[in-house]
Ligand SMILES: Cc1cc2nc3c(=O)[nH]c(=O)nc-3n(C[C@H](O)[C@H](O)[C@H](O)COP(=O)(O)O)c2cc1C
Ligand code: SF4
């Protein structure tokens, strides 16, 4: 199985070992033999697509940067990695930091960038330390800094620590955060290639995207384009979590069947249970049903065909005993908490969705709640400054669409068994509290209420 990034070479994270195995040869080749535009053309031809979630073609993105040196230009490397279920970039920091550094320098050369900023989420202390040491080593060995290899090209690289906000992974919020401002996404246009960090032309790429670049230069774009699915070629670092025997990060070609990823690499579902649901690319991606999983290929086009997408390839596996409502409440709570609050549909809509989901869980759901949730989600989707709104809306809309009977079951059960509407009153009368030894009232409340739904709603809200 081809490995582009997570190669099985011992101590590959040491600069001497990396150099011994051909490390920095791509950078040398680029600086000696290639013009910046040749590099962009090569990356375009390879059909490399961004690994940060949106799958945008990398070479095309690089070509948006203005030519010439009128203004300083910047490359931002996105290692924020805060989406639940995504944990693959830290594997690159730990196991192959120099290939990512080399890829960033090549990208900076291709776009004429003056400086590279690597933004890493604040909680990643271990990997921040590794990256600071690795960048220092690259300087020591002459791969970074002034006049690299006597080529006349100079670039500096800085590691920047985030403060643990998911929104700072969004490219324009990241730029604000880097500038020392609050991590608010910016309205686009203007796009970063025109007005980016400090108002200068800027490109933002994911860590994994950049780590692919040296091998594209070394082996040629045709080689890369021939791996996996032609429309979305290369390998992906699949981060597999949830109910599997061997969770972890596995580098596998795009287009690999999902069940092969789960059964062969992740050791199968815990206890051999059937799958209930799989989220294929980090928590914001619409989920797959068991039937969809059986035939699904793991590339963006195949996933798009069932309304999902590859995202960050963070695969979350859930077995048949999973409570889908609990999962959706947890995911929605995350986006509600992380919404920066700038746009009304996202700020208010996330809260609405969470409250309605919670009332279904409490047994107080109404049948119309499911369509209400879909409608709130659809009113968030596409109506916000950044894609966090979509990230919050998609799981709600698609999980309800694909697993509607699970939600209906809760609502139906809620109709029949509405226990204990007044917990405080019941507790006061319980023997534990020793206030009233006569527990008949408590028992009565526990059994059934016998109120209409409207009366219950009035009691509850
Ligand atoms: C709320 C939100 C969070 C994001 N978090 C990340 C992240 O942690 N890492 C990342 O690479 N991209 C993240 N993205 C996507 C970035 O905005 C951007 O598209 C990406 O870094 C571009 O890199 P690529 O073209 O190499 O994929 C996020 C987007 C949104 C809307
Ligand atoms: S969509 Fe949400 S996170 Fe994004 S800018 Fe609007 S309020 Fe902030």
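The values are calculated or read from the model by the stated rules, or taken from the named source; none is laboratory data. Worth saying up front: this structure is predicted, and the values here are computed from it rather than measured. Note that each Cβ is placed from the backbone with ideal geometry, even for glycine, and that neighbours are counted across all protein chains shown.
Taken over the range 77-87, the criterion of being in contact with a helix residue (DSSP H, G or I) (Cβ under 8 Å, 6 or more places away or on another chain), farther than 11 Å from residue 127 by Cα and surrounded by 24 or more Cβ atoms within 10 Å (Cβ to Cβ) is satisfied by 77, 78, 80, 81.
Filtered by the rule that a residue be in a strand (DSSP E or B) and touching a residue at least 60 places away in the same chain (Cβ under 8 Å), the range 72-117 gives 74, 75, 76, 77, 78, 79, 117.
Filtering the range 203-215 for residues that are modelled with pLDDT of 95 or more and surrounded by fewer than 21 Cβ atoms within 10 Å (Cβ to Cβ) leaves an empty set. Residue count for the range 346-374, restricted to those that are within 16 Å of ligand 1 (Cβ to nearest atom) and either in contact (Cβ under 8 Å) with a residue 60 or more places away in the chain or within 15 Å of residue 396 (Cβ to Cβ) (or both): 3. Filtering the range 141-175 to residues that are away from ligand 1 (no atom under 16 Å from the Cβ) and touching a residue at least 60 places away in the same chain (Cβ under 8 Å) leaves 141, 143, 148, 149, 151, 153. Of the candidates 234, 282, 272, 248, the single residue that is touching a helix residue (DSSP H, G or I) at 6+ places or on another chain (Cβ under 9 Å) and either at pLDDT below 95 or surrounded by fewer than 18 Cβ atoms within 10 Å (Cβ to Cβ) (or both) is 248.
Considering the range 328-344, and only residues there that are more than 12 Å from ligand 1 (Cβ to nearest atom) and buried (at least 21 other Cβ atoms within 10 Å of the Cβ), the residue that is nearest to the chain's Cα centre (by Cα) turns out to be 331.
Taking the criterion of being out of contact with any helix residue (DSSP H, G or I) (no Cβ under 7 Å at 6 or more places or on another chain) and surrounded by 15 or more Cβ atoms within 10 Å (Cβ to Cβ), the only residue of the range 15-34 that qualifies is 34.
Is it the case that some residue within the range 377-386 is out of contact with any helix residue (DSSP H, G or I) (no Cβ under 6 Å at 6 or more places or on another chain), modelled with pLDDT of 95 or more and closer than 22 Å to residue 78 by Cβ? Taking every residue of the range 377-386 in turn, at least one turns out to be out of contact with any helix residue (DSSP H, G or I) (no Cβ under 6 Å at 6 or more places or on another chain), modelled with pLDDT of 95 or more and closer than 22 Å to residue 78 by Cβ. Taking into account only those residues within the range 45-71 that are free of Cβ contacts under 8 Å to residues at least 24 places away in the same chain and outside any loop (DSSP other than H, G, I, E, B), which is surrounded by the fewest Cβ atoms within 10 Å (Cβ to Cβ)? Looking at the filtered set, the residue picked out is 60. Helices (runs of 4 or more DSSP H) fully within the range 279-345 that include at least 2 residues being over 23 Å from residue 360 (Cα atoms) and touching a residue at least 12 places away in the same chain (Cβ under 8 Å): 290-295, 300-304.
Test residue 84 against the stated conditions and say whether it is within 16 Å of ligand 1 (Cβ to nearest atom) and under 25 Å from residue 160 (Cβ atoms). Yes. When residues in the range 162-212 are screened for being in contact with a strand residue (DSSP E or B) (Cβ under 7 Å, 6 or more places away or on another chain) and in a helix (DSSP H, G or I), 9 of them pass.
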